[in-house]
1. How many residues are surrounded by 22 or more Cβ atoms within 10 Å (Cβ to Cβ) and without any contact (Cβ under 8 Å) to a residue 40 or more places away in the chain if we restrict to the range 120-136?
2. Could you say which residue among E81, E64, E96, E42 is assigned by TED's automatic domain parsing to the domain that holds H149, open to solvent by 50 Å² or more (accessible area, probe 1.4 Å), among the acidic types (D, E) and within 16 Å of ligand 3 (Cβ to nearest atom)?
3. Any idea which residue in the range 251-275 is farthest from ligand 1 (Cβ to nearest atom), counting only those that are under 26 Å from L215 (Cβ atoms) and over 24 Å from the mean Cα position of the chain (by Cα)?
4. Do you know which of the residues in the range 196-223 that are assigned to a helix (DSSP H, G or I) and within 16 Å of ligand 1 (Cβ to nearest atom) is nearest to the chain's Cα centre (by Cα)?
5. If the Cβ limit is 6 Å and pairs must be 6+ apart or interchain, which residue in the range 26-55 that is within 14 Å of S179 (Cα to Cα) pairs with which residue that is assigned to a loop (DSSP other than H, G, I, E, B) and away from ligand 2 (no atom under 16 Å from the Cβ)?
6. Could you tell me whether G56 is in a loop (DSSP other than H, G, I, E, B) and open to solvent by less than 90 Å² (accessible area, probe 1.4 Å)?
7. List the residue pairs whose Cβ atoms are under 8 Å apart, where the first residue sits in the range 181-195 and is within 7 Å of ligand 1 (Cβ to nearest atom), the second is β-branched (V, I, T) and assigned to a loop (DSSP other than H, G, I, E, B), and the two are 6 or more positions apart or on different chains.
8. Cβ-Cβ under 8 Å, sequence separation 6+ or interchain: first residue in the range 385-413 and farther than 25 Å from C344 by Cβ, partner β-branched (V, I, T) and outside any strand (DSSP E or B). Which pairs?
Amino acid sequence: MENGKNVGRDVADMMERVRARNRATGRTPGVYVITFGCQQNEADGEKLRGMAEQMGYSPVERPEEADLILLNTCAVREHAELRALSIIGTCKHLREKNPGLIVGVCGCMTARGSRVEQLRRGYPYVSFTLEPSALHRLPEVLLSVMEQHKRRFLLGEEAEEIPEGLPVRRTHRHRAYVSIMYGCNNFCTYCIVPYVRGRERSRGSAAIVDEVRALVADGCKDITLLGQNVNSYRSDCDFAELMDRICRLPGDFLLRFMTSHPKDVSDRLIAVMAAHPERVAPHFHLPLQSGSDRILSAMNRKYTAKGYLGTVERLRRAMPDIALTTDVIVGFPGESEADFAATCDVLRRVGYDMVYSFLYSPREGTPAANMENPLTEAERSARFSRLLACANEMAAASNRKYEGCAVRVLVDGVSKNDSRLYSGRTAAGKLVHFAAAPSDVGEFRTVRILRADSYVLHGELVQQKP
Ligand code: SAH
Ligand code: SF4
Ligand code: F3S
């Protein structure tokens, strides 16, 4: 279903009104945006920042300096919600110090009625909530909070349309996320996402291609197409065709996509990837969740272990060096030792570059939350540790292959772990640390890998001939 509406003018009017109010105060107010969760939420966070800046706010480094705090929450596991709630709790004393502070809670947690109620009753300093499908209503809600001094809790009011043309403040100039579809129709039995993000809606292909073209013209070198099930994209064309059209755009940039559902990896998509090796990053994130058919069926994943391995084979036949990464859930209700062993078996057979493992977290309102789960906490965490050990071993093995090789790296900036080094990513998505200079940031550079750890490659810049 194609479903796009340019809300530019309505939103622009509202933004101008907030901006005028802010200007009238004679000072530039600060905005602090904090995002939890997946890349889709990151992309939403960039839009929240973009709108805030257009409304006259200037980004600040610390929440203490802010006049507007936006918390962009995730609800996928309980831990994510509890973390967000605890950070929201710290806004209490900020508000006491600065009575003019406006605290807005956005993101997936605010699409859950029970959490909205909790915020309304227990967190009086939260001025508004804004669920993901109402993102574009930030200016309107903010204006009403400012003008009427009333709290607003938007829930379930949204028409399922996609607003086009919202301002965006990208975190990096050289890297960008482009959301191409929203929502999910799959209802995996453990997952809250279909409830908080609604049904699948895809943007029109022309708007996407135009956005990518503009990003490339602006110097962007690494572009990730985003969707909860990005390869289920369907509007006036399907995902494979959309990829093909983007691949044909001129410029030096890498194209990525996240997250794919194994049921929708078409031969056509594989063929498009293989036909554009310079353009499409040689990486496929293919969430397995479990290697046991019994559990996969209880999860409603719509594939078997054999079918999944068949897809891996199709990918590797077309692209022998493709990096594969995956998500696995440990301790799904009723998971037996044999089910867990089946998962480990598939992991070893595939030999992933990276495994993201999660302890099952029951989500209220999902079918799995009502399933019997006789596993004890100790059993679950023992399995989790075993899985982590297996994942670390695999990551180390896949990284070791890079030792001594020269790889092309897009330089991101100073490393978060070591301020003396810079970090970047290879086309396959591997994290690399090396010494570099500010002028290397945002550029493709060649790095020779000297040493490989499980989760980072250490290397040195290869001097380019002038
Ligand atoms: N749409 C994507 C990502 C969904 S959320 C997909 O289908 O893969 C990201 C990951 O969180 C999932 O792949 C899954 O491994 C994990 N996850 C989702 N719900 C969970 C839950 N209730 N408990 C633990 N992990 C969960
Ligand atoms: Fe959740 Fe499944 Fe949809 Fe992914 S495909 S978002 S795991 S329901
Ligand atoms: Fe979390 Fe929402 Fe993403 S629940 S994982 S932020 S879609």
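The values are calculated or read from the model by the stated rules, or taken from the named source; none is laboratory data. Because the structure is predicted, anything quoted here is derived from the model rather than measured. As a convention, Cβ positions derive from the backbone with ideal geometry for all residues, glycine included, and neighbour counts pool all protein chains shown. Ligands, DNA and RNA are stripped out before the accessible areas are found, and what is left, the full protein with its side chains, is counted by its heavy atoms. Shrake-Rupley method; radii C 1.70, N 1.55, O 1.52, S 1.80 Å.
1. 5
2. Selected residue: E42, the only one of E81, E64, E96, E42 that is assigned by TED's automatic domain parsing to the domain that holds H149, open to solvent by 50 Å² or more (accessible area, probe 1.4 Å), among the acidic types (D, E) and within 16 Å of ligand 3 (Cβ to nearest atom).
3. Here the answer is G251.
4. Of the residues in the range 196-223, the ones assigned to a helix (DSSP H, G or I) are 196-197, 205-217.
From what is left, the residues that are within 16 Å of ligand 1 (Cβ to nearest atom) are 196-197.
Details: V196: 15, R197: 13 Å.
Restricting to residues being assigned to a helix (DSSP H, G or I) and within 16 Å of ligand 1 (Cβ to nearest atom), the top hit is R197.
5. Note: pairs meeting the criteria are E46/V168; E46/R169; E46/R170; K47/L166; K47/V168.
6. Details: in a loop (DSSP other than H, G, I, E, B): yes; open to solvent by less than 90 Å² (accessible area, probe 1.4 Å): yes.
Criteria met by G56.
7. Listed pairs, sorted by first residue: Y190/T366; C191/V76; C191/T366; I192/V76; I192/T366; V193/V76.
8. Cβ pairs passing all conditions: A406/V462; V411/V441; D412/V441; G413/V441.
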